[in-house]
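The values are calculated or read from the model by the stated rules, or taken from the named source; none is laboratory data. These numbers were taken from a predicted model, which means no experiment stands behind them. For neighbour counting, all protein chains shown are included, and Cβ atoms are generated from backbone atoms with ideal geometry for every residue, glycine included. The area values use the complete protein model at the heavy-atom level, side chains included, leaving out ligands, DNA and RNA. Shrake-Rupley method; radii C 1.70, N 1.55, O 1.52, S 1.80 Å.
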Amino acid sequence: MMEKNVLASNKQNKQMKTLTYFVSLLTGELEQSGRHGTARAYRSSLNRLLEFTGNDGLTFTDLTPGLLKHYEQQLLTQGCKRNTVSLYMRMLRSVCNQAVSRKITRLASGLFDEVFTGTDSSEKRAVNPSVIRRLRELDLSETSTLETARDLFLLSFYLRGIPFVDLIRLRKSDLSRGMLRYRRSKTGRLLTVEVEPCAQEILRKYATKASGSIYLLPVLTKEGRGGYRQYQNALRRYNLHLHKLSVLLGLKVNLTSYVARHSWATAAYRQGIPVAVISESLGHSSEKVTYTYLASFDNRTLSRANRKIIDLILSGKHPQSQANYFQKSACDFQKLGYD
């Protein structure tokens with residue numbers, strides 16, 4: 001009898017150290033706190049890894065740098081973009097770190113050192129203010145779905161690049177005396193935004209449709225898991241309609257829910273607003289995150305920058321001392337995470 005109990009106990013302990021068990025535990029906690037998106041990302045990342053290994057009983061000790069490198073190569077071979085691969089790896093790393101913090105396991109040294117966990121900014125996600133202006137001036141009164149998508153895009157831009165997930169969850173209680181206070185769903189940071197007249201105009205436009213609702217905009221009607229499903233469906237429709245608007249305007253860059261946020265950040269940077277201020281405005285966890293937003297400049301901008309640098313050499317003009325120049329360069333590289 002005692003031997004059976006010991007065997008059962010050992011089996012349970014081994015089960016508790018599997019990724020499947022721990023992710024199930026984590027996602028349950030996340031869903032209870034309303035973080036359905038993160039829970040879904042954890043589950044998707046785990047399912048993709050288990051599909052690769054073919055081992056539902058995969059434990060933390062089974063994870064090695066070599067296994068993850070082969071997994072990364074397999075994802076790329078299957079056509080996953082580098083940012084998608086990075087998302088899978090970052091979710092998996094987060095799961096592992098939480099298992100370590102709860103003393104459930106120890107990780108192999110340098111487990112994620114050989115795989116990509118950054119952000120590939122080669123894909124252009126920002127448009128010029130002239131495009132925002134053209135979008136605003138479009139007469140879409142005959143197409144209500146496109147008009148609503150356009151208005152939400154503009155509102156996202158006007159409210160300092162607020163993400164779609166936070167925009168549609170804004171409550172009437174978040175707005176008081178022209179000031180909007182809300183928490184980022186991703187980081188929990190409290191942000192305060194002054195609502196400019198152009199944004200007030202859009203909010204007033206949809207006030208009647210949102211009457212009787214706790215939300216400022218007529219997108220969500222439910223909370224909890226039901227609200228999350230509504231958000232997912234709304235996001236799909238939103239991006240579909242933004243794509244139609246891109247075609248209508250003849251844009252080379254496809255408008256998506258991300259573009260308003262990236263466009264605001266890029267426009268602010270080009271107006272000389274310090275990165276620290278942009279980072280705070282967007283509610284980023286660090287300036288390093290903000291730099292990834294600003295990294296995808298078009299070739300024309302890069303060519304102009306290169307020409308200015310070459311002109312410094314050809315003209316012999318040096319706007320600052322050599323010591324100050326290298327000091328500033330060192331600071332910029334430190335912000336980007338380089339030594």
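Residue count for region 214-231, restricted to those that are loosely packed, with under 13 Cβ neighbours inside 10 Å and part of a helix (DSSP H, G or I): 4.
If you go through region 242-262 and keep only what is open to solvent by 30 Å² or more (accessible area, probe 1.4 Å), touching a residue at least 60 places away in the same chain (Cβ under 8 Å) and not in a loop (DSSP other than H, G, I, E, B), you end up with Lys244, Leu248. Checking each residue in region 232-241 for being out of contact with any helix residue (DSSP H, G or I) (no Cβ under 7 Å at 6 or more places or on another chain) and open to solvent by less than 100 Å² (accessible area, probe 1.4 Å) picks out Gln232, Asn233, Ala234, Asn239, Leu240. Summed over region 14-39, residues that are surrounded by fewer than 16 Cβ atoms within 10 Å (Cβ to Cβ), in a helix (DSSP H, G or I), at pLDDT below 90 and not aliphatic (A, V, I, L, M) total 4. Taken residue by residue, region 147-155 has no member that is closer than 30 Å to Phe22 by Cα, among the β-branched types (Val, Ile, Thr), open to solvent by 40 Å² or more (accessible area, probe 1.4 Å) and in a helix (DSSP H, G or I).
Checked against (1) hydroxyl-bearing (Ser, Thr, Tyr); (2) under 30 Å from Tyr71 (Cβ atoms); (3) surrounded by 17 or more Cβ atoms within 10 Å (Cβ to Cβ), Tyr158 meets all criteria but (2). Filtering region 167-193 to residues that are open to solvent by less than 10 Å² (accessible area, probe 1.4 Å) and in a helix (DSSP H, G or I) leaves only Leu167.
Cys80 - would you say it is within 26 Å of Thr290 (Cβ to Cβ) and either loosely packed, with under 14 Cβ neighbours inside 10 Å or not polar (S, T, N, Q) (or both)? So that I can check it myself, show each step before the final result.
Values: within 26 Å of Thr290 (Cβ to Cβ): yes; either loosely packed, with under 14 Cβ neighbours inside 10 Å or not polar (S, T, N, Q) (or both): yes.
Yes: the conditions hold for Cys80.
Among the residues of region 264-286 satisfying the criterion of being under 14 Å from the mean Cα position of the chain (by Cα) and outside any loop (DSSP other than H, G, I, E, B), which is surrounded by the fewest Cβ atoms within 10 Å (Cβ to Cβ)?
As a first pass, look at region 264-286 and keep what is under 14 Å from the mean Cα position of the chain (by Cα): 265, 279, 282-286.
Still in the list and also outside any loop (DSSP other than H, G, I, E, B): 265, 279, 282.
On the way: Ala265: 25, Ser279: 20, Leu282: 22.
Among those residues, the one meeting the criterion is Ser279.
The lone criterion from (1) out of contact with any Leu (no Cβ under 8 Å at 6 or more places or on another chain); (2) over 26 Å from Ser33 (Cα atoms); (3) open to solvent by 50 Å² or more (accessible area, probe 1.4 Å) left unmet by Leu107 is number (1). Pairs linking a residue in region 189-207 that is over 13 Å from Ser156 (Cα atoms) to a residue that is of a type in the set (Asp, Glu) and open to solvent by 50 Å² or more (accessible area, probe 1.4 Å), with Cβ atoms under 6 Å and 6 or more positions apart or on different chains, do not occur.
Each row is one residue, and each column tells you yes or no for (1) modelled with pLDDT of 85 or more; (2) out of contact with any Ser or Thr (no Cβ under 6 Å at 6 or more places or on another chain); (3) not hydrophobic (A, V, I, L, M, F, W, C).
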residue: Gly250; (1), (2), (3): yes, yes, yes
residue: Asn254; (1), (2), (3): yes, no, yes
residue: Ala260; (1), (2), (3): yes, no, no
residue: Ser263; (1), (2), (3): yes, yes, yes
residue: Thr266; (1), (2), (3): yes, yes, yes
residue: Gly272; (1), (2), (3): no, yes, yes
residue: His284; (1), (2), (3): no, no, yes
residue: Val289; (1), (2), (3): no, yes, no
